[in-house]
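A short worksheet on the structure shown next.
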Amino acid sequence: MRYVLAAVAILGIAFGLATIAHGEADDSPGLQLIGVVLVIGAVVFGIRNVRGGS
């Protein structure tokens, strides 16, 4: 189960980075902010799952 949650976190980071890149190409600061929030959320989600937090 831990591997599945790690994969979800990695996919969230990848999707967030793609969103940031697309927002930068489209000159959209809102889309870039959404990408940053996705990346930060995925990193926090991954760290909490690795450490075993609730």
key: Filter pass, Val37 being β-branched (Val, Ile, Thr) and modelled with pLDDT under 95   = no
query = Got a sec? Which of Ala42, Ala9 is touching a Phe, Trp or Tyr at 6+ places or on another chain (Cβ under 6 Å), touching a residue at least 24 places away in the same chain (Cβ under 8 Å) and surrounded by 15 or more Cβ atoms within 10 Å (Cβ to Cβ)?
reply = Ala9
key: the stretch 22-33, residues that are of a type in the set (A, V, I, L, M) and touching a residue at least 12 places away in the same chain (Cβ under 8 Å)   = Leu31
ask   = Any residue in the stretch 1-8 that is within 12 Å of the chain's Cα centre (by Cα) and at pLDDT 90 or above?
value = yes
message = Here is a list: Ile20, Ile34. Which entry is of a type outside the set (Ser, Thr, Tyr), crowded, with 16+ Cβ neighbours inside 10 Å and in a helix (DSSP H, G or I)?
response = Ile20
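The values are calculated or read from the model by the stated rules, or taken from the named source; none is laboratory data. Just so it is clear, the structure is predicted and the values come from calculations on it, not from any experiment. Virtual Cβ from ideal backbone geometry, glycine too; neighbours counted across all protein chains shown.
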